[in-house]
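Enquirer: Next up is a structure, given as structure tokens.
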Amino acid sequence: MATDSNKPKIDKCEKRTAYLLVAPALILILVIAIYPVLQSFYFSLFDLRLNDPQKADVHLNYNVDLEQYFYYYPFLVDDLTEEVKAANGTERSRLKKIKQNLQGLDQNIRKDAKENYQKVKEIHQNFESPSTSLSVVKISDKTAKSFQSTIEKVNKQLKQISNDNELKNEKDVIGLANGLKGVIFEPNYIGFHHYAEELKSSRMWSSLWNTVFFTIVSVFIEFVLGLAIALLINKAFFGRGLIRATVLIPWAIPTAVSALMWKFLYDGQYGVVAKFFSEIGLLDHMSALLSSKAGAMFSVILSDVWKTTPYIALLLLAGLQVIPKSLYEAASIDGASKWKQFTNITLPMLKLSILVALLFRTLDAFRVFDLIYVLTGGGPANSTETISILAYKVMFSQTNFGAGSALSVIVFICVAFISMIFVKVLGSDLLPESSKK
Amino acid sequence: MEKKAGPLFYVFMVIFVFIVMFPFIWIFLSSIKPSSDLFGDNAFDWFSDEPTFKNYVSVFTNYPFLKYLWNSFVVSSITTIYTVFIASFCAYAIARMQFRGKTVILGLVLSVSMFPQIATLSPIYIILKNLGLTNSYIGLIIPYTTITLPLSIWILVVFFRKIPHDLEEAAKIDGATHMQTYWKVIFPLAVPGLFTTAILAFIAAWNEFLFALTINTSDNYKTVPVGIAMFQGQYTIPWGEICAATVVVTIPLVIMVLVFQKRIVSGLTSGSVKE
């Protein structure tokens with residue numbers, strides 16, 4: 001803009017105000033969008049499973065859960081003291097040995113956990129629950145490994161003793177010793193293992209192929225149809241507002257709701273669209289629409305075309321409306337045919353609108369989730385499972401957050417790659433004029 | 001290209017409108033069929049002999065559908081109001097002020113709008129779960145910001161650019177500060193733009209599915225898209241009720257589209273056309 005570039009210096013006060021105004025939005029974007037993506041990547045490097053308490057959090061090192069520890073350790077030592085009193089002979093010395101081993105381990109843990117040991121102990125004695133950050137404490141590898149091997153041994157020895165002789169509180173002692181097995185969290189950092197696994201998995205590749213196939217076919221059909229509609233309605237006619245509203249309604253309703261509508265129309269027994277297709281000979285059987293692999297993919301694409309062609313048509317129509325009519329007049333005076341006018345005037349003038357529409361549609365189609373989740377659930381036999389659906393299933397059905405995060409990072413990389421191609425073609429045309437120098 | 005539309009054109013338009021609207025028409029007609037006509041021999045008849053509103057009654061009495069509508073309304077409204085508010089500041093600064101890093105910020109906003117939601121899902125879910133915010137309104141409002149904020153900033157930058165600079169200059173000469181200029185001069189002129197942005201942000205929040213599905217799983221906090229999608233049981237699908245619920249959700253949107261169509265189109269196409 002002329003007025004902007006005329007000012008030689010940037011006013012300092014203006015600059016400060018500008019940063020202040022931009023700050024809230026920027027902070028929100030950083031916290032709610034950028035940070036989670038980085039965190040997703042971080043999660044993908046761990047064996048993270050929400051249904052397994054040992055793996056429910058990321059652990060770079062060995063950790064001890066002090067809350068759990070105080071659940072078992074003090075009572076076990078007390079019980080063992082009792083047992084030692086009651087026992088005699090070799091048994092007595094064996095039990096004494098066990099108790100000493102446990103106390104040795106306790107010394108190590110006390111040293112590694114530092115002040116947290118006392119704090120959690122006090123909280124525990126007051127019958128309260130400490131916070132995880134207080135309770136889960138990093139311990140050295142040496143402590144952890146000696147703890148694990150010793151506890152393993154102690155469990156075996158106690159079982160042996162209880163087999164040979166009577167113990168006073170046999171069940172308690174063995175149960176408490178067994179509980180101690182679960183207080184150490186092993187590091188679940190596994191590096192790029194999930195990625196290596198996913199890149200080998202045929203399910204991942206087939207879901208990626210489904211996504212690419214869905215994206216290319218649906219965006220192509222939507223573009224051709226959208227352009228045709230835009231060209232057709234780019235003239236003055238009666239009822240134009242009605243057409244515009246008609247075209248907007250599919251765009252406006254929730255995708256999940258439209259998917260459900262189509263599911264009803266596609267129904268194998270009573271679906272009217274399925275009936276129509278089988279009557280015009282497109283299908284052998286009405287039920288083939290949603291239960292065959294090709295039929296299901298076709299249904300998903302048809303629903304998507306119905307819902308989003310209007311969006312493309314509107315974007316292109318807006319582009320068509322700003323092409324100066326004088327260009328066409330000049331061309332027809334020169335004797336250029338309609339087709340020539342289309343390829344030499346309309347398409348080049350429409351380039352920006354076309355690319356913007358294609359960019360947003362391609363990205364939307366690539367991350368498709370709700371349409372397929374509701375319409376087919378990814379079936380039959382995973383034939384419509386896209387990569388977002390797979391990532392969701394791995395995360396929430398299998399509760400494998402590590403692998404699911406790896407898959408969502410793969411989606412992210414693909415999307416970044418697609419947008420980079422478009423941005424390269426579009427260049428700075430994509431940004432509003434104000435930001436261009 | 002501007003020529004008068006012939007009769008053939010109108011025939012084509014009628015067919016076009018019919019194809020686009022057919023799913024809605026069919027769903028509406030099905031919603032007032034008794035279940036005997038929904039399935040069975042009469043399933044493919046256009047009209048039922050005994051239209052009934054039983055499905056509509058059932059949607060509101062047998063399902064917490066009203067609750068879903070209310071949840072969607074609360075979440076979408078709050079999201080819309082606060083993101084448009086924050087976006088308007090950011091867009092104003094980008095469109096009207098001189099400072100370094102503008103292109104970077106706009107690029108960042110654009111890239112965030114391209115982020116696949118699934119890539120932010122696992123950390124957001126875990127954070128909200130640890131904070132005890134799953135099954136709450138705020139638990140959806142927070143992640144919806146990623147969707148509505150970049151969209152709003154984008155549209156508003158284009159709108160602010162269109163407001164003539166002279167007014168601002170005049171205010172400056174009169175000694176107004178930047179904030180005064182914004183509130184007294186720019187804001188009133190930007191109201192139509194803000195309104196357009198709000199409509200689009202509201203629709204985006206209203207239609208969101210993935211976060212709603214994972215974060216708010218209890219019936220008390222489910223939103224409409226998830227609520228309707230979950231009508232289907234494991235073995236049976238209550239199509240009559242689903243059709244009725246779909247009609248109930250669609251009618252307000254149809255009214256909104258009819259009233260605001262010009263604004264929606266101008267918002268949707270902003271940035272894709274150089275004027």
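Enquirer: What accessible area, summed over both chains, is buried at the A-B interface (1.4 Å probe, Å², nearest 100)? Intermediate values should be presented prior to the final figure.
Expert: On the way: alone 26000 and 16760 Å², together 32780 Å².
Summed over both sides, the interface buries about 10000 Å².
Enquirer: Further, regarding this structure: Taking just the alpha carbons, could you work out the radius of gyration and Dmax for the protein assembly as shown, both in angstroms?
Expert: Here Rg and the maximum Cα pair distance are 31.6, 118 Å.
Enquirer: Which links in A:Lys111/B:Lys129; A:Lys307/B:Lys67; A:Lys114/A:Lys159; A:Lys114/A:Lys142; A:Lys12/B:Lys162; A:Lys15/B:Lys184 stretch past 22 Å when you go from one Cα to the other? Before the final figure, lay out each step's value.
Expert: Numbers: A:Lys111/B:Lys129 33 Å; A:Lys307/B:Lys67 27 Å; A:Lys114/A:Lys159 33 Å; A:Lys114/A:Lys142 16 Å; A:Lys12/B:Lys162 25 Å; A:Lys15/B:Lys184 20 Å.
Long pairs (Cα-Cα over 22 Å): A:Lys111/B:Lys129; A:Lys307/B:Lys67; A:Lys114/A:Lys159; A:Lys12/B:Lys162.
Enquirer: Would you mind putting A:198-205, A:412-419, A:389-396 in packing order, based on average other-beta-carbon counts within 10 Å, highest first? Write out the running numbers ahead of the final one.
Expert: Working: A:198-205: 14.0, A:412-419: 16.8, A:389-396: 23.6.
So the order, starting with the most tightly packed, is A:389-396, A:412-419, A:198-205.
Enquirer: In addition: Between B:Lys54 and A:Lys200, what is the label-to-label distance in nm when each label sits 7 Å out along the Cα-to-Cβ direction?
Expert: Going by the 7 Å Cα→Cβ label model, 5.8 nm.
Enquirer: Can you list the lysines whose alpha carbon is less than 19 Å from that of B:Lys54, not counting same-chain residues fewer than 8 positions off?
Expert: B:Lys33
Enquirer: Tell me which DSSP H helices of chain A clear both cut-offs, 15 Å or more of axial length from alpha-carbon atoms and a mean Kyte-Doolittle hydropathy of at least 1.0.
Expert: Sorted by number, the helices that extend far enough and score high enough are A:202-233, A:255-266, A:293-321, A:351-366, A:401-426.
Enquirer: Can you tell me the accessible area per residue over segment A:81-145, all protein chains present, probe 1.4 angstrom, in square angstrom?
Expert: On the way: 4140 Å² over 65 residues.
Result: 64 Å² per residue.
Enquirer: List every residue whose amide H lies under 5 Å from the amide H of A:Val136, counting only residues 5 or more places away in sequence or on a different chain, with H placed 1.01 Å from N in the peptide plane.
Expert: A:Leu66
Enquirer: How big, on average over all directions, is the shadow cast by the Cα convex hull of segment B:43-195, in nm²? Kindly include the intermediate steps, with their values, before the conclusion.
Expert: Values: hull surface 61.4 nm².
So the Cα hull casts an average projection of 15.4 nm².
Enquirer: Moving to a separate point now. Could you pull out every whole DSSP H run in chain B that spans at least 20 Å of Cα extent along its own axis and averages -0.5 or higher on the Kyte-Doolittle scale?
Expert: Working: long enough: B:7-31 (34 Å, 2.35); B:65-96 (45 Å, 1.16); B:137-162 (36 Å, 1.45); B:187-207 (29 Å, 1.55); B:239-269 (37 Å, 1.55).
Result, helices passing both filters: B:7-31, B:65-96, B:137-162, B:187-207, B:239-269.
Enquirer: In Å, what is the Rg of the alpha-carbon atoms in segment A:248-290, and how long is Dmax?
Expert: Cα only, segment A:248-290: 11.8, 34 Å (Rg, Dmax).
Enquirer: Hey, another quick one. Starting from the Kirkwood radius over alpha-carbon pairs of segment A:53-171, derive D by Stokes-Einstein at 4 °C in a medium of 1.567 mPa s and give it in µm² s⁻¹.
Expert: For these conditions, the coefficient is 83 µm²/s.
Enquirer: Using the Cα atoms as the points, what is the convex hull volume per residue of chain B in Å³?
Expert: On the way: hull volume 51.6 nm³, N = 275.
Cα-based convex hull of chain B, divided per residue, equals 188 Å³.
Enquirer: Against the 2.2 N^0.38 Å scaling, with N counting residues, where does segment A:263-363 land? I'd like the Cα-based Rg ratio to two decimal places.
Expert: Values: Rg = 20.3 Å, N = 101, 2.2 N^0.38 = 12.7 Å.
Compared with the compact-globule rule of thumb, segment A:263-363 sits at 1.59.
Enquirer: What whole number of Å gives the distance from the Cα centroid of segment B:30-83 to the Cα centroid of segment A:103-128?
Expert: 58
Enquirer: By per-residue mean of other Cβ atoms within 10 Å, what is the highest-first order of A:120-127, B:222-229? Walk me through the numbers before you get to the answer.
Expert: Values: A:120-127: 13.9, B:222-229: 25.8.
The peptides rank, most packed first, as B:222-229, A:120-127.
Enquirer: Obtain the radius of gyration and the Kirkwood radius of segment A:332-410 from its C-alpha atoms and give Rg over Rh.
Expert: Values: Rg = 21.1 Å, Rh = 15.7 Å.
Taking Rg over the Kirkwood Rh, I get 1.34.
Enquirer: Over segment B:64-230, give the accessible area per residue in Å² for a 1.4 Å probe, as an integer. Write out the running numbers ahead of the final one.
Expert: Values: 5800 Å² over 167 residues.
On a per-residue basis, 35 Å².
Enquirer: How much of the accessible area of segment B:64-230, probe 1.4 Å, is carbon plus sulfur, in whole percent?
Expert: Details: 4020 of 5800 Å².
It is 69 percent, rounded to a whole number.
Enquirer: If each DSSP helix of 4+ residues adds -39,500 (n - 2.57) and the sum is divided by the residues in chain B, what number results at 222 nm, nearest 500 deg cm²/dmol?
Expert: Numbers: 12 runs with 195 residues, N = 275.
Helix-only estimate at 222 nm: -23500 deg cm²/dmol.
Enquirer: Other chains near B:19-26: what is the mean number of their Cβ atoms within 10 Å of each residue's Cβ? Don't jump to the answer; show the numbers that get you there.
Expert: Details: counts 2, 9, 3, 5, 12, 6, 0, 6.
Shielding by partners across B:19-26 averages 5.
Enquirer: Another question, if that's okay. When we measure straight from the Cα of A:Lys293, which lysines land under 19 angstrom away, once same-chain ones fewer than 8 places off are left out?
Expert: Here the lysines satisfying the reach criterion relative to A:Lys293 are A:Lys263, A:Lys275.
Enquirer: Return the tail of the calculated pair distribution for segment A:175-299, meaning the percent of Cα-Cα pairs more than 24 Å apart. Please list the in-between numbers first.
Expert: On the way: 4657 of 7750 pairs.
Of all Cα-Cα pairs in segment A:175-299, 60 percent lie more than 24 Å apart.
Enquirer: Then there's this: Roughly how crowded by other chains is peptide A:409-415, in terms of the mean Cβ count from those chains within 10 Å of each of its Cβ atoms? Present the calculation step by step, with values, prior to reporting the outcome.
Expert: Working: counts 4, 2, 5, 6, 2, 1, 6.
Mean shielding count: 4.
Enquirer: After finding the eigenvalues of the alpha carbon gyration tensor for segment B:112-246, what semi-axes result from the square roots of 5 times each, listed largest first in whole Å? Present the calculation step by step, with values, prior to reporting the outcome.
Expert: Working: eigenvalues 334, 66, 29 Å².
Equivalent-ellipsoid dimensions as semi-axes: 41, 18, 12 Å.
Enquirer: Compare each residue of segment A:26-40 in its chain alone against the assembly with all protein chains, and report those whose accessible area goes down by 30 Å² or more; 1.4 Å probe, heavy atoms.
Expert: Those are A:Leu26, A:Leu28, A:Ile29, A:Ile32, A:Ala33, A:Ile34, A:Pro36, A:Val37, A:Ser40, which lose 30 Å² or more relative to the chain on its own.
Enquirer: Averaged across orientations, what area in nm² does the convex hull of the alpha carbons in segment B:35-129 project?
Expert: Working: hull surface 48.1 nm².
About 12.0 nm², averaged over all directions.
Enquirer: Moving to a separate point now. Tell me, what % of the accessible area of segment A:196-435 is carbon and sulfur with a 1.4 angstrom probe?
Expert: Numbers: 6270 of 9450 Å².
Ligands and nucleic acids excluded, carbon and sulfur give 66 percent.
Enquirer: Quick check: convex hull over the Cα atoms of segment A:196-435, volume per residue in Å³, rounded to an integer?
Expert: Details: hull volume 42.0 nm³, N = 240.
Spelled out: Cα convex hull of segment A:196-435, divided by residues, is 175 Å³.
Enquirer: Work out the mean other chain Cβ neighbour count within 10 Å for the residues of B:204-210 and drop it here as an integer. Kindly include the intermediate steps, with their values, before the conclusion.
Expert: Values: counts 0, 0, 3, 9, 4, 10, 7.
Per residue, the average neighbour count from other chains is 5.
Enquirer: Go from 0 up to the bin containing the longest alpha carbon distance in segment A:130-181, width 10 Å each, and give me the % of pairs per bin.
Expert: Bin by bin from 0 Å, the calculated values are 22, 38, 27, 12, 1.
Enquirer: Then there is this: Dividing the convex hull volume of the Cα atoms of segment B:1-83 by its residue count, what figure in Å³ per residue is obtained?
Expert: Values: hull volume 14.3 nm³, N = 83.
Per residue, the Cα convex hull of segment B:1-83 comes to 172 Å³.
Enquirer: Counting heavy atoms of the protein chains only and a 1.4 Å probe, report the per residue accessible area for segment A:196-435 as a whole number of Å².
Expert: On the way: 9450 Å² over 240 residues.
Per residue, segment A:196-435 has an accessible area of 39 Å².
Enquirer: Going highest first, how would you order A:161-171, A:309-319 by mean Cβ packing within 10 Å?
Expert: Working: A:161-171: 14.0, A:309-319: 24.5.
Per-residue mean Cβ counts within 10 Å order the peptides as A:309-319, A:161-171.
Enquirer: Using amide H atoms built 1.01 Å from N in the peptide plane, name the residues 5+ places from A:His59, or on other chains, whose amide H lies under 5 Å from its own.
Expert: Here the answer is A:Asn188, A:Tyr189, since their amide H atoms fall under 5 Å of that of A:His59.
The values are calculated or read from the model by the stated rules, or taken from the named source; none is laboratory data. All figures in this text were calculated on a predicted structure; none of them were measured in a lab. Note that each Cβ is placed from the backbone with ideal geometry, even for glycine, and that neighbours are counted across all protein chains shown. SASA here: full protein model, heavy atoms, side chains in, ligands and nucleic acids out. Shrake-Rupley method; radii C 1.70, N 1.55, O 1.52, S 1.80 Å.
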